[in-house]
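Down below is the structure, laid out as structure tokens.
The values are calculated or read from the model by the stated rules, or taken from the named source; none is laboratory data. Keep in mind it's a predicted model, so treat the numbers as computed, not measured. Heads up, the Cβs are rebuilt from the backbone with ideal geometry, glycines too, and the neighbour counts pull from every protein chain shown. Heads up: the accessible areas ignore ligands, DNA and RNA and are worked out on the full protein's heavy atoms, side chains in. Shrake-Rupley method; radii C 1.70, N 1.55, O 1.52, S 1.80 Å.
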Amino acid sequence: MGKKLIRGARVIDPACGRDEPCELLLEGGLIAAVGHDLPAEGAQIINAAGLVAAPGLVDMHTHMREPGFEDKETIATGTAAAARGGVTSILAMANTCPVIDRPERVADFYNRAMRSAKVRAYTVGAVSLGMQGKEITDVEDLLSAGAAALSDDGVPLMSAEIMREALIRMKPSGLPILSHSEDGDLVRAGVMNEGALSRKLGYKGRPAVAEELLLVRDGMLAADVGGYVHVCHVSTKGSVDYIRRMKAAGIHVTAETCPQYFTLTEEEIEKQGAMAKVNPPLRTPADVAAMREAAKTGVIDMLATDHAPHAAHEKETPFDEAPNGFTGMDLALTITYGLVREGVLTEADLIRLWATEPARVFNLPVNTFEPGAPADFFLFDPELEWQVTPETLYSKSHNTPWLGKSLKGRVSAHWIGGVKIV
């Protein structure tokens with residue numbers, strides 16, 4: 001962790017009011033100074049001309065698959081993908097095998113992460129035992145063991161009684177329950193967005209109202225008990241409208257969406273089949289437009305990947321049998337930066353959505369370039385053109401609809417605590 005002087009990068013950090021080419025001096029794992037003509041004596045000089053320096057990102061919705069599904073992903077490979085995508089911290093969901101529904105399983109995750117994680121890794125605990133939706137977990141013990149929040153993400157929590165009790169018991173922590181907002185009865189056997197295209201292709205659909213129905217229920221429960229609910233992977237225009245109304249009514253709710261929902265539509269299924277199968281499903285152009293507007297205006301508080309790796313043979317099965325999900329951490333920053341190029345988002349919006357807000361909500365360190373802050377940041381080349389191939393991805397699985405596509409912009413280097421990890 002010797003002294004390093006990074007020269008020529010354009011530093012963006014809304015928290016510090018910076019958007020300018022300047023120098024970064026790192027020392028002892030911290031940001032020692034930011035400015036011009038900094039002393040170079042004894043420092044390793046790193047030329048970053050033409051690159052952007054930005055605070056490390058937080059991906060608060062990932063699936064590491066370990067333990068139990070290491071053929072899909074491991075903490076080591078998943079966090080390697082995170083590092084390559086500029087992600088400094090991840091939250092891993094509880095749907096492993098066994099489910100992270102007991103304090104000792106929270107501890108097991110952190111022991112595994114200590115041995116193999118390339119970035120800062122946190123885990124979410126389950127709301128119900130075994131994620132079966134029948135019996136609530138020991139909320140207080142999970143939090144005491146280090147769970148960053150609670151969620152049964154992967155399956156909807158259909159029991160309003162359990163959700164209400166969990167919201168009550170989470171209140172003292174100030175942390176949210178993460179809701180997989182989807183009415184299980186309405187989506188049973190559905191494999192894509194319900195509409196004209198699902199009827200044309202002959203597949204049973206998952207209607208938008210299924211997402212909106214549980215979202216509204218959980219908002220009402222939060223309002224009733226003064227609890228805090230966070231809505232995962234928002235995908236419909238109707239959901240955005242309900243979230244806006246709940247916030248206006250003073251209900252404590254936050255929400256996320258993912259890159260696939262502000263870039264791709266259900267038409268991708270005709271082109272790519274199971275590689276475009278995800279839950280919630282890809283929706284319509286009107287839904288994509290709503291996600292973009294909601295991210296810009298803050299109705300959607302943050303972005304996340306819902307990184308969901310699967311083995312190649314699983315996605316090669318018939319469409320209606322294939323599992324849902326995409327990998328995403330290698331690509332999320334690049335895809336989001338495409339919205340900056342389009343003028344949909346600013347770079348400040350990107351940092352707010354991918355770093356500042358998720359860190360604030362989950363009580364994680366907010367990365368900045370203030371002197372004395374941990375040196376958690378990355379360098380990004382916005383002009384680098386590259387092709388998405390298995391060789392250019394670091395996740396163990398490559399189930400992404402961007403496979404084979406040419407993209408622009410990629411992380412060039414990444415430091416955590418002053419240590420270069422990429």
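Go through Arg245, Arg292, Arg206 for me and flag whichever is open to solvent by less than 50 Å² (accessible area, probe 1.4 Å) and basic (Lys, Arg).
It is Arg206.
Would a scan of region 29-42 turn up a residue that is buried (at least 22 other Cβ atoms within 10 Å of the Cβ), in a strand (DSSP E or B) and among the hydrophobic types (A, V, I, L, M, F, W, C)?
Scanning region 29-42, I find at least one residue that is buried (at least 22 other Cβ atoms within 10 Å of the Cβ), in a strand (DSSP E or B) and among the hydrophobic types (A, V, I, L, M, F, W, C), so the answer is yes.
If you take the residues of region 387-422 that are under 24 Å from Asn324 (Cβ atoms) and of a type in the set (Phe, Trp, Tyr), which of them is least open to solvent (accessible area, probe 1.4 Å)?
Per the stated criteria, the residue is Trp402.
Show the residue pairs that are 6+ apart or on different chains and have beta-carbon atoms under 9 Å apart, the first residue being within region 353-366 and closer than 12 Å to Pro14 by Cβ and among the hydrophobic types (A, V, I, L, M, F, W, C), the second being buried (at least 21 other Cβ atoms within 10 Å of the Cβ) and modelled with pLDDT under 95.
Cβ pairs passing all conditions: Ala355/Asn367.
In contact with a Leu (Cβ under 9 Å, 6 or more places away or on another chain), assigned to a loop (DSSP other than H, G, I, E, B), more than 24 Å from Ala94 (Cβ to Cβ) and not β-branched (Val, Ile, Thr): which single residue out of Tyr242, Tyr203 fits that description?
Testing whether each residue is in contact with a Leu (Cβ under 9 Å, 6 or more places away or on another chain), assigned to a loop (DSSP other than H, G, I, E, B), more than 24 Å from Ala94 (Cβ to Cβ) and not β-branched (Val, Ile, Thr) leaves just Tyr203.
For region 107-127: of the residues being buried (at least 22 other Cβ atoms within 10 Å of the Cβ) and out of contact with any strand residue (DSSP E or B) (no Cβ under 6 Å at 6 or more places or on another chain), which is nearest to His180 (Cα to Cα)?
Ala126
I need a count of the residues in region 148-168 that are acidic (Asp, Glu) and open to solvent by 10 Å² or more (accessible area, probe 1.4 Å).
The total comes to 2.
Residues of region 270-315 being among the hydroxyl-bearing types (Ser, Thr, Tyr) and part of a helix (DSSP H, G or I), which ones?
The answer is Thr297, and nothing else.
Hey, could you check region 85-106 for residues that are of a type outside the set (Lys, Arg) and in a helix (DSSP H, G or I) and say which is most open to solvent (accessible area, probe 1.4 Å)?
My answer is Glu104.
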